[in-house]
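The values are calculated or read from the model by the stated rules, or taken from the named source; none is laboratory data. Predicted, not measured: the structure shown is a model, and the values here were computed from it. Note that we place each Cβ from the backbone using ideal geometry, even for glycine, and neighbour counts take in every protein chain shown. Protein only, heavy atoms only, side chains kept; ligands, DNA and RNA dropped before computing areas. Shrake-Rupley method; radii C 1.70, N 1.55, O 1.52, S 1.80 Å.
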Amino acid sequence: MTILVTGAAGFIGSNFVLDWFSQSKEDVISLDLLTYAGNLENLSSLNGNPHHHFVQGNISDRDLVLNLLKKYQVRAIVNFAAESHVDRSIHESKDFIETNIVGTYNLLESARCYWNDLDKNLKQDFRFLHISSDEVYGSLDLTDPPSNESDPYKPNSSYSASKAASDHLVRAWFQTYKLPVFTVNSANNYGPYQFPEKLIPLCILNALHGKPLPIYGNGQQIRDWLYVKDHSAAIREILKQGQIGETYNVGGRNEKTNLAVAETLCNILDELKPKSNGKSYREQITFVKDRPGHDRRYAIDASKLEHELNWSPQETFETGLRKTVLWYLENVAWMDHVVTGEYQDWIQKQYP
Ligand code: NAD
Ligand code: TYD
(Lines give C-alpha, C1' and ligand atoms only; values in the text may rest on other atoms or scores of the structure.)
(Ligands and ions follow the chains in the order given, each with its own letter.)
Protein backbone atom coordinates (compact mmCIF):
# COMPACT_ATOMS: atom_id res chain seq x y z
CA MET A 1 0.00 0.00 0.00
CA THR A 2 0.96 3.57 -0.58
CA ILE A 3 0.24 7.07 0.67
CA LEU A 4 -0.19 10.09 -1.59
CA VAL A 5 1.37 13.29 -0.24
CA THR A 6 0.42 16.49 -2.04
CA GLY A 7 2.60 19.62 -1.78
CA ALA A 8 5.45 17.22 -0.96
CA ALA A 9 8.18 19.47 -2.35
CA GLY A 10 7.20 22.34 -0.06
CA PHE A 11 8.38 23.02 3.47
CA ILE A 12 6.14 20.86 5.67
CA GLY A 13 5.36 18.29 2.96
CA SER A 14 9.03 17.50 2.32
CA ASN A 15 9.79 17.27 6.03
CA PHE A 16 6.82 14.92 6.40
CA VAL A 17 7.94 12.66 3.52
CA LEU A 18 11.54 12.48 4.80
CA ASP A 19 10.26 11.68 8.28
CA TRP A 20 7.90 9.05 6.88
CA PHE A 21 10.79 7.09 5.39
CA SER A 22 12.65 7.20 8.69
CA GLN A 23 9.64 5.46 10.32
CA SER A 24 7.98 3.33 7.65
CA LYS A 25 8.63 1.11 4.65
CA GLU A 26 5.35 2.06 2.99
CA ASP A 27 5.66 3.70 -0.45
CA VAL A 28 5.01 7.40 -0.95
CA ILE A 29 3.84 9.22 -4.06
CA SER A 30 4.83 12.86 -3.83
CA LEU A 31 2.56 15.04 -5.95
CA ASP A 32 3.58 18.67 -6.37
CA LEU A 33 2.98 21.35 -8.96
CA LEU A 34 6.42 22.86 -8.22
CA THR A 35 5.28 26.45 -7.84
CA TYR A 36 7.85 29.00 -6.62
CA ALA A 37 7.53 27.32 -3.17
CA GLY A 38 8.14 23.77 -4.39
CA ASN A 39 11.73 22.60 -4.43
CA LEU A 40 12.78 19.12 -5.54
CA GLU A 41 16.09 19.61 -3.77
CA ASN A 42 14.17 19.12 -0.50
CA LEU A 43 13.59 15.50 -1.53
CA SER A 44 16.96 14.85 -3.17
CA SER A 45 18.07 12.47 -0.40
CA LEU A 46 15.34 10.12 -1.71
CA ASN A 47 16.76 9.99 -5.25
CA GLY A 48 17.00 6.34 -6.30
CA ASN A 49 14.72 5.14 -3.48
CA PRO A 50 12.37 2.64 -5.19
CA HIS A 51 9.68 3.34 -2.56
CA HIS A 52 9.42 7.02 -3.49
CA HIS A 53 7.69 8.27 -6.65
CA PHE A 54 7.65 11.98 -7.49
CA VAL A 55 4.97 13.28 -9.86
CA GLN A 56 4.78 16.89 -11.00
CA GLY A 57 1.12 17.85 -11.22
CA ASN A 58 -1.82 19.83 -9.92
CA ILE A 59 -4.20 18.60 -7.20
CA SER A 60 -6.96 19.99 -9.43
CA ASP A 61 -6.10 17.56 -12.22
CA ARG A 62 -8.72 14.92 -11.52
CA ASP A 63 -7.63 12.47 -14.23
CA LEU A 64 -4.04 12.54 -13.03
CA VAL A 65 -4.97 12.15 -9.36
CA LEU A 66 -7.50 9.39 -9.98
CA ASN A 67 -4.99 7.46 -12.09
CA LEU A 68 -2.37 7.77 -9.35
CA LEU A 69 -4.81 6.63 -6.67
CA LYS A 70 -5.77 3.56 -8.72
CA LYS A 71 -2.32 2.70 -10.04
CA TYR A 72 -0.67 2.73 -6.60
CA GLN A 73 -3.68 1.50 -4.55
CA VAL A 74 -3.38 4.51 -2.30
CA ARG A 75 -4.64 3.97 1.25
CA ALA A 76 -4.28 7.58 2.48
CA ILE A 77 -3.97 11.09 1.09
CA VAL A 78 -2.19 13.79 3.08
CA ASN A 79 -2.99 17.17 1.55
CA PHE A 80 -0.32 19.82 2.14
CA ALA A 81 -0.64 21.44 -1.30
CA ALA A 82 -1.53 25.10 -0.92
CA GLU A 83 -0.54 28.68 -1.46
CA SER A 84 0.76 29.37 2.04
CA HIS A 85 2.12 32.89 2.36
CA VAL A 86 -0.15 35.57 3.85
CA ASP A 87 1.87 38.49 2.43
CA ARG A 88 1.54 37.12 -1.12
CA SER A 89 -2.21 36.68 -0.61
CA ILE A 90 -2.41 40.41 0.19
CA HIS A 91 -0.78 41.30 -3.15
CA GLU A 92 -2.84 38.80 -5.20
CA SER A 93 -5.27 36.13 -3.99
CA LYS A 94 -6.25 34.36 -7.22
CA ASP A 95 -3.89 31.40 -6.75
CA PHE A 96 -5.06 31.04 -3.14
CA ILE A 97 -8.64 30.63 -4.29
CA GLU A 98 -7.60 28.31 -7.14
CA THR A 99 -5.42 25.94 -5.15
CA ASN A 100 -6.67 26.17 -1.58
CA ILE A 101 -10.40 26.11 -2.37
CA VAL A 102 -10.92 24.77 -5.90
CA GLY A 103 -7.89 22.46 -5.64
CA THR A 104 -9.11 20.94 -2.37
CA TYR A 105 -12.56 20.51 -3.88
CA ASN A 106 -11.12 18.66 -6.89
CA LEU A 107 -8.91 16.51 -4.69
CA LEU A 108 -11.90 15.59 -2.51
CA GLU A 109 -13.85 14.61 -5.61
CA SER A 110 -10.99 12.47 -6.98
CA ALA A 111 -10.70 10.80 -3.58
CA ARG A 112 -14.44 10.20 -3.37
CA CYS A 113 -14.58 8.69 -6.84
CA TYR A 114 -11.69 6.31 -6.01
CA TRP A 115 -12.98 5.48 -2.51
CA ASN A 116 -16.50 4.72 -3.75
CA ASP A 117 -15.18 1.93 -5.96
CA LEU A 118 -12.90 0.29 -3.38
CA ASP A 119 -13.89 -3.04 -1.96
CA LYS A 120 -15.08 -3.20 1.64
CA ASN A 121 -11.79 -3.62 3.55
CA LEU A 122 -9.83 -1.09 1.52
CA LYS A 123 -12.74 1.32 1.79
CA GLN A 124 -12.74 0.99 5.56
CA ASP A 125 -9.01 1.68 5.83
CA PHE A 126 -8.86 4.69 3.47
CA ARG A 127 -8.13 8.13 4.99
CA PHE A 128 -8.06 11.72 3.65
CA LEU A 129 -6.04 13.99 5.92
CA HIS A 130 -6.25 17.71 5.21
CA ILE A 131 -3.67 20.12 6.58
CA SER A 132 -4.95 23.48 7.72
CA SER A 133 -3.95 26.38 9.91
CA ASP A 134 -4.63 28.04 13.26
CA GLU A 135 -5.22 31.24 11.26
CA VAL A 136 -8.79 30.10 10.44
CA TYR A 137 -9.80 30.93 14.04
CA GLY A 138 -8.82 34.56 13.51
CA SER A 139 -7.00 36.90 15.83
CA LEU A 140 -7.04 36.40 19.62
CA ASP A 141 -6.77 39.07 22.30
CA LEU A 142 -3.95 38.70 24.80
CA THR A 143 -6.32 37.38 27.48
CA ASP A 144 -8.28 34.95 25.26
CA PRO A 145 -7.72 31.22 25.82
CA PRO A 146 -5.91 29.43 22.98
CA SER A 147 -8.17 28.29 20.09
CA ASN A 148 -9.72 24.88 20.42
CA GLU A 149 -11.45 22.71 17.83
CA SER A 150 -14.96 23.94 18.63
CA ASP A 151 -14.15 27.66 18.30
CA PRO A 152 -15.86 29.49 15.44
CA TYR A 153 -13.91 30.29 12.28
CA LYS A 154 -13.12 34.02 11.86
CA PRO A 155 -10.47 34.26 9.12
CA ASN A 156 -9.07 37.73 8.37
CA SER A 157 -6.79 37.32 5.35
CA SER A 158 -7.53 35.84 1.95
CA TYR A 159 -5.03 33.08 2.85
CA SER A 160 -6.87 32.15 6.05
CA ALA A 161 -10.28 32.60 4.38
CA SER A 162 -9.23 30.19 1.61
CA LYS A 163 -7.98 27.66 4.18
CA ALA A 164 -11.23 28.04 6.15
CA ALA A 165 -13.24 27.41 2.98
CA SER A 166 -11.22 24.26 2.26
CA ASP A 167 -11.81 23.01 5.82
CA HIS A 168 -15.56 23.49 5.36
CA LEU A 169 -15.45 21.47 2.13
CA VAL A 170 -13.57 18.66 3.88
CA ARG A 171 -16.15 18.64 6.66
CA ALA A 172 -19.00 18.60 4.14
CA TRP A 173 -17.50 15.62 2.26
CA PHE A 174 -17.52 13.71 5.53
CA GLN A 175 -21.04 14.74 6.55
CA THR A 176 -22.55 14.26 3.10
CA TYR A 177 -20.60 11.38 1.57
CA LYS A 178 -18.97 9.82 4.69
CA LEU A 179 -15.54 10.22 3.07
CA PRO A 180 -13.18 9.31 5.98
CA VAL A 181 -11.45 12.64 6.60
CA PHE A 182 -9.39 14.40 9.26
CA THR A 183 -8.57 18.09 9.42
CA VAL A 184 -5.39 19.17 11.19
CA ASN A 185 -5.15 22.84 12.21
CA SER A 186 -1.56 23.65 12.95
CA ALA A 187 0.31 26.56 14.51
CA ASN A 188 3.20 28.28 12.68
CA ASN A 189 5.80 25.69 11.74
CA TYR A 190 9.55 26.23 11.60
CA GLY A 191 12.51 24.01 10.78
CA PRO A 192 14.67 22.87 7.84
CA TYR A 193 13.70 23.53 4.19
CA GLN A 194 11.42 26.52 4.90
CA PHE A 195 11.38 29.02 2.04
CA PRO A 196 12.99 32.31 3.14
CA GLU A 197 9.88 34.42 2.57
CA LYS A 198 8.65 33.34 6.04
CA LEU A 199 9.84 35.10 9.19
CA ILE A 200 12.41 32.67 10.62
CA PRO A 201 14.37 31.65 7.49
CA LEU A 202 14.14 35.23 6.15
CA CYS A 203 15.74 36.53 9.36
CA ILE A 204 18.47 33.85 9.27
CA LEU A 205 19.28 34.65 5.63
CA ASN A 206 19.29 38.42 6.16
CA ALA A 207 21.32 38.16 9.37
CA LEU A 208 24.04 36.19 7.59
CA HIS A 209 24.10 38.69 4.69
CA GLY A 210 24.30 41.73 6.96
CA LYS A 211 20.83 42.90 5.89
CA PRO A 212 17.96 44.24 8.05
CA LEU A 213 15.79 41.71 9.91
CA PRO A 214 12.40 43.26 8.97
CA ILE A 215 9.91 43.22 11.86
CA TYR A 216 6.42 44.40 10.93
CA GLY A 217 4.88 47.19 13.06
CA ASN A 218 5.97 47.05 16.70
CA GLY A 219 6.85 43.34 16.67
CA GLN A 220 4.34 42.57 19.43
CA GLN A 221 2.21 40.16 17.39
CA ILE A 222 2.20 36.68 18.86
CA ARG A 223 2.45 33.33 17.08
CA ASP A 224 2.58 29.81 18.52
CA TRP A 225 5.62 28.03 17.06
CA LEU A 226 5.73 24.30 16.28
CA TYR A 227 8.88 22.45 15.21
CA VAL A 228 8.06 20.80 11.88
CA LYS A 229 9.10 17.30 13.01
CA ASP A 230 6.62 17.53 15.89
CA HIS A 231 3.94 18.31 13.30
CA SER A 232 4.93 15.22 11.25
CA ALA A 233 4.70 13.03 14.34
CA ALA A 234 1.21 14.39 15.08
CA ILE A 235 0.05 13.66 11.52
CA ARG A 236 1.37 10.08 11.70
CA GLU A 237 -0.48 9.54 14.97
CA ILE A 238 -3.73 10.96 13.58
CA LEU A 239 -3.46 8.74 10.49
CA LYS A 240 -2.92 5.74 12.76
CA GLN A 241 -5.54 6.25 15.42
CA GLY A 242 -7.50 9.44 14.80
CA GLN A 243 -11.29 9.50 14.98
CA ILE A 244 -12.73 9.78 11.45
CA GLY A 245 -14.41 13.11 10.72
CA GLU A 246 -12.59 14.88 13.55
CA THR A 247 -10.50 18.03 13.61
CA TYR A 248 -7.24 18.10 15.59
CA ASN A 249 -5.36 21.23 16.64
CA VAL A 250 -1.55 20.95 16.74
CA GLY A 251 0.54 23.53 18.56
CA GLY A 252 3.89 23.82 20.23
CA ARG A 253 2.93 25.60 23.48
CA ASN A 254 5.41 28.25 22.33
CA GLU A 255 3.70 31.62 22.16
CA LYS A 256 6.26 34.27 21.26
CA THR A 257 6.15 37.83 20.00
CA ASN A 258 7.80 38.33 16.62
CA LEU A 259 10.37 40.57 18.27
CA ALA A 260 11.21 37.83 20.79
CA VAL A 261 11.60 35.34 17.91
CA ALA A 262 14.06 37.65 16.14
CA GLU A 263 15.99 38.32 19.35
CA THR A 264 16.27 34.62 20.26
CA LEU A 265 17.44 33.92 16.73
CA CYS A 266 20.12 36.62 17.03
CA ASN A 267 21.31 35.20 20.38
CA ILE A 268 21.74 31.75 18.80
CA LEU A 269 23.56 33.20 15.78
CA ASP A 270 25.79 35.30 18.05
CA GLU A 271 26.86 32.07 19.71
CA LEU A 272 27.09 29.77 16.67
CA LYS A 273 28.37 32.23 14.07
CA PRO A 274 29.73 35.33 15.85
CA LYS A 275 30.25 38.39 13.67
CA SER A 276 33.85 39.30 12.98
CA ASN A 277 33.31 42.85 14.33
CA GLY A 278 32.15 41.46 17.70
CA LYS A 279 28.72 43.09 17.39
CA SER A 280 25.39 41.33 17.90
CA TYR A 281 23.04 40.41 15.06
CA ARG A 282 20.38 42.17 17.16
CA GLU A 283 21.62 45.45 15.71
CA GLN A 284 20.19 44.35 12.35
CA ILE A 285 16.61 44.12 13.72
CA THR A 286 14.64 46.84 11.90
CA PHE A 287 10.99 47.82 12.36
CA VAL A 288 9.22 48.17 9.01
CA LYS A 289 5.72 49.05 7.78
CA ASP A 290 3.10 46.73 9.29
CA ARG A 291 1.20 44.06 7.33
CA PRO A 292 -2.36 45.25 6.53
CA GLY A 293 -4.90 43.38 8.69
CA HIS A 294 -2.05 41.90 10.74
CA ASP A 295 -3.59 39.43 13.22
CA ARG A 296 -2.48 40.18 16.76
CA ARG A 297 -2.24 36.71 18.22
CA TYR A 298 -2.68 33.06 17.31
CA ALA A 299 -2.49 30.36 19.95
CA ILE A 300 -3.48 26.72 19.76
CA ASP A 301 -5.01 24.48 22.38
CA ALA A 302 -3.68 21.03 21.41
CA SER A 303 -5.06 19.23 24.47
CA LYS A 304 -7.44 17.05 22.41
CA LEU A 305 -4.52 15.57 20.48
CA GLU A 306 -2.45 15.27 23.65
CA HIS A 307 -5.18 13.49 25.63
CA GLU A 308 -6.79 11.37 22.93
CA LEU A 309 -3.76 10.36 20.89
CA ASN A 310 -1.00 10.80 23.46
CA TRP A 311 0.97 13.22 21.27
CA SER A 312 3.07 16.04 22.67
CA PRO A 313 5.70 18.30 21.10
CA GLN A 314 9.27 17.10 21.72
CA GLU A 315 10.99 20.42 21.07
CA THR A 316 10.89 23.61 23.09
CA PHE A 317 11.24 26.80 21.05
CA GLU A 318 14.87 27.15 22.09
CA THR A 319 15.89 23.57 21.17
CA GLY A 320 13.91 23.61 17.90
CA LEU A 321 15.25 27.01 16.88
CA ARG A 322 18.83 25.97 17.61
CA LYS A 323 18.39 22.88 15.39
CA THR A 324 16.87 25.08 12.70
CA VAL A 325 19.69 27.64 12.75
CA LEU A 326 22.28 24.84 12.66
CA TRP A 327 20.53 23.30 9.66
CA TYR A 328 20.61 26.60 7.73
CA LEU A 329 24.27 27.15 8.64
CA GLU A 330 25.11 23.67 7.35
CA ASN A 331 23.00 24.02 4.19
CA VAL A 332 24.19 27.27 2.69
CA ALA A 333 24.07 25.71 -0.81
CA TRP A 334 20.34 24.95 -0.41
CA MET A 335 19.71 28.58 0.51
CA ASP A 336 21.89 29.85 -2.36
CA HIS A 337 19.88 27.79 -4.88
CA VAL A 338 16.55 28.99 -3.50
CA VAL A 339 17.22 32.73 -3.71
CA THR A 340 17.02 32.94 -7.48
CA GLY A 341 15.39 35.53 -9.77
CA GLU A 342 11.79 35.05 -8.67
CA TYR A 343 12.79 35.29 -5.04
CA GLN A 344 14.63 38.58 -5.65
CA ASP A 345 11.55 40.00 -7.41
CA TRP A 346 9.44 39.15 -4.35
CA ILE A 347 11.93 40.77 -1.94
CA GLN A 348 11.98 43.97 -4.04
CA LYS A 349 8.19 44.11 -4.05
CA GLN A 350 7.69 43.34 -0.35
CA TYR A 351 10.64 45.21 1.23
CA PRO A 352 11.15 48.23 -1.09
P1 NAD B 1 4.80 25.71 1.12
O2 NAD B 1 4.34 26.94 0.44
O3 NAD B 1 6.20 25.60 1.56
O4 NAD B 1 4.53 24.43 0.16
C5 NAD B 1 3.36 24.27 -0.58
C6 NAD B 1 3.65 23.24 -1.67
O7 NAD B 1 2.45 23.01 -2.41
C8 NAD B 1 4.70 23.70 -2.69
O9 NAD B 1 5.66 22.68 -2.88
C10 NAD B 1 3.91 23.96 -3.96
O11 NAD B 1 4.65 23.70 -5.13
C12 NAD B 1 2.76 22.97 -3.80
N13 NAD B 1 1.56 23.35 -4.55
C14 NAD B 1 1.00 24.59 -4.63
N15 NAD B 1 -0.11 24.54 -5.40
C16 NAD B 1 -0.24 23.24 -5.81
C17 NAD B 1 -1.21 22.58 -6.60
N18 NAD B 1 -2.23 23.22 -7.16
N19 NAD B 1 -1.05 21.25 -6.80
C20 NAD B 1 0.00 20.58 -6.27
N21 NAD B 1 0.95 21.18 -5.51
C22 NAD B 1 0.81 22.49 -5.27
O23 NAD B 1 3.80 25.49 2.31
P24 NAD B 1 4.01 24.81 3.74
O25 NAD B 1 4.49 25.85 4.67
O26 NAD B 1 4.78 23.57 3.56
O27 NAD B 1 2.52 24.48 4.12
C28 NAD B 1 1.95 23.21 3.81
C29 NAD B 1 0.51 23.20 4.30
O30 NAD B 1 0.46 23.47 5.69
C31 NAD B 1 -0.37 24.27 3.65
O32 NAD B 1 -1.65 23.72 3.45
C33 NAD B 1 -0.44 25.38 4.68
O34 NAD B 1 -1.63 26.11 4.56
C35 NAD B 1 -0.40 24.56 5.95
N36 NAD B 1 0.13 25.25 7.14
C37 NAD B 1 1.38 25.81 7.09
C38 NAD B 1 1.90 26.40 8.24
C39 NAD B 1 3.29 26.98 8.26
O40 NAD B 1 3.70 27.54 9.28
N41 NAD B 1 4.08 26.86 7.21
C42 NAD B 1 1.15 26.45 9.41
C43 NAD B 1 -0.14 25.88 9.41
C44 NAD B 1 -0.61 25.27 8.27
P1 TYD C 1 4.96 34.41 8.54
O2 TYD C 1 6.20 33.61 8.73
O3 TYD C 1 4.72 35.08 7.23
O4 TYD C 1 3.73 33.48 8.94
P5 TYD C 1 2.16 33.87 9.19
O6 TYD C 1 1.86 35.19 8.63
O7 TYD C 1 1.48 32.75 8.48
O8 TYD C 1 1.98 33.80 10.68
O9 TYD C 1 4.93 35.53 9.66
C10 TYD C 1 5.02 35.22 11.03
C11 TYD C 1 4.88 36.52 11.79
O12 TYD C 1 6.03 37.33 11.51
C13 TYD C 1 3.67 37.32 11.37
O14 TYD C 1 3.13 37.97 12.53
C15 TYD C 1 4.24 38.37 10.42
C16 TYD C 1 5.63 38.58 10.96
N17 TYD C 1 6.65 38.94 9.94
C18 TYD C 1 7.47 40.05 10.15
O19 TYD C 1 7.38 40.74 11.19
N20 TYD C 1 8.38 40.35 9.20
C21 TYD C 1 8.52 39.63 8.05
O22 TYD C 1 9.38 39.98 7.19
C23 TYD C 1 7.69 38.48 7.85
C24 TYD C 1 7.80 37.64 6.61
C25 TYD C 1 6.77 38.18 8.83
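Listed by first and then second residue, the pairs with beta-carbon distance under 7 Å, at least 6 apart or on different chains, first residue in region 158-175 and under 13 Å from Tyr137 (Cα atoms), second of a type in the set (A, V, I, L, M), are Tyr159/Val86; Ser160/Val136; Ser162/Ile97; Ser162/Ile101; Lys163/Val136; Ala164/Val136; Ala165/Ile101; Asp167/Val136.
Output the strands (runs of 3 or more DSSP E) that fall wholly within region 230-300 and possess 1 or more residues being surrounded by fewer than 17 Cβ atoms within 10 Å (Cβ to Cβ), or say none.
Values: elements: 247-250, 255-257, 285-288.
Counting at least 1 such residues, we get 255-257, 285-288.
Could you check, for region 181-199, whether at least one of its residues is in a loop (DSSP other than H, G, I, E, B), open to solvent by 50 Å² or more (accessible area, probe 1.4 Å) and either among the basic types (Lys, Arg) or within 12 Å of ligand 2 (Cβ to nearest atom) (or both)? Looking for residues that are in a loop (DSSP other than H, G, I, E, B), open to solvent by 50 Å² or more (accessible area, probe 1.4 Å) and either among the basic types (Lys, Arg) or within 12 Å of ligand 2 (Cβ to nearest atom) (or both), one finds none in region 181-199, hence no. For region 115-137, filtered to residues that are farther than 30 Å from Ser157 by Cβ and polar (S, T, N, Q), the residue that is nearest to ligand 1 (Cβ to nearest atom) is Asn116.
In this structure, is Glu135 away from ligand 2 (no atom under 15 Å from the Cβ) and touching a helix residue (DSSP H, G or I) at 6+ places or on another chain (Cβ under 9 Å)? It is false that Glu135 is away from ligand 2 (no atom under 15 Å from the Cβ) and touching a helix residue (DSSP H, G or I) at 6+ places or on another chain (Cβ under 9 Å). The lone criterion from (1) in a helix (DSSP H, G or I); (2) under 16 Å from the mean Cα position of the chain (by Cα); (3) aliphatic (A, V, I, L, M); (4) more than 23 Å from Val184 (Cβ to Cβ) left unmet by Leu64 is number (2).
Can you find a residue in region 302-319 that is hydrophobic (A, V, I, L, M, F, W, C) and within 16 Å of Leu199 (Cβ to Cβ)?
yes
Within region 231-250, residues that are modelled with pLDDT of 95 or more sit with their Cβ atoms under 8 Å from residues that are in a helix (DSSP H, G or I) and of a type in the set (Asp, Glu), at 6+ positions apart or across chains, in these pairs: Ser232/Asp19; Ala233/Asp19; Arg236/Asp19; Gln243/Glu308; Thr247/Asp167; Asn249/Asp134; Val250/Asp230.
Scan region 283-303 and give yes if some residue there is of a type in the set (A, V, I, L, M), at pLDDT 95 or above and farther than 27 Å from Ser232 by Cβ, otherwise no. Yes; the residues of region 283-303 include at least one that is of a type in the set (A, V, I, L, M), at pLDDT 95 or above and farther than 27 Å from Ser232 by Cβ. Among the residues of region 146-158, none qualifies, meaning not one is within 11 Å of ligand 1 (Cβ to nearest atom) and modelled with pLDDT of 95 or more.
When Leu118, Leu46, Leu122 are checked against the criterion of being more than 16 Å from ligand 2 (Cβ to nearest atom) and touching a residue at least 40 places away in the same chain (Cβ under 8 Å), Leu122 stands alone in meeting it. Counting only residues that are more than 8 Å from ligand 1 (Cβ to nearest atom), in a loop (DSSP other than H, G, I, E, B) and either open to solvent by 40 Å² or more (accessible area, probe 1.4 Å) or of a type in the set (Asp, Glu) (or both), region 12-39 holds 2 of them. Report yes if Gly210 is closer than 26 Å to Lys154 by Cα and either assigned to a loop (DSSP other than H, G, I, E, B) or among the basic types (Lys, Arg) (or both), otherwise no. Taking the combined requirement at face value, the residue does not satisfy it.
Residue-level check: of (1) within 30 Å of Arg75 (Cα to Cα); (2) out of contact with any helix residue (DSSP H, G or I) (no Cβ under 8 Å at 6 or more places or on another chain), Tyr227 misses just (2).
Only residues that are within 16 Å of ligand 2 (Cβ to nearest atom), part of a loop (DSSP other than H, G, I, E, B) and open to solvent by less than 60 Å² (accessible area, probe 1.4 Å) were counted across region 72-103, and they come to 6.
So that you can scan it fast, the table gives a plain yes or no per residue for (1) open to solvent by 80 Å² or more (accessible area, probe 1.4 Å); (2) of a type in the set (A, V, I, L, M); (3) part of a loop (DSSP other than H, G, I, E, B):
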residue: Glu41; (1), (2), (3): no, no, no
residue: Pro50; (1), (2), (3): yes, no, yes
residue: Val55; (1), (2), (3): no, yes, no
residue: Asn58; (1), (2), (3): no, no, yes
residue: Cys113; (1), (2), (3): no, no, no
residue: Asn121; (1), (2), (3): yes, no, no
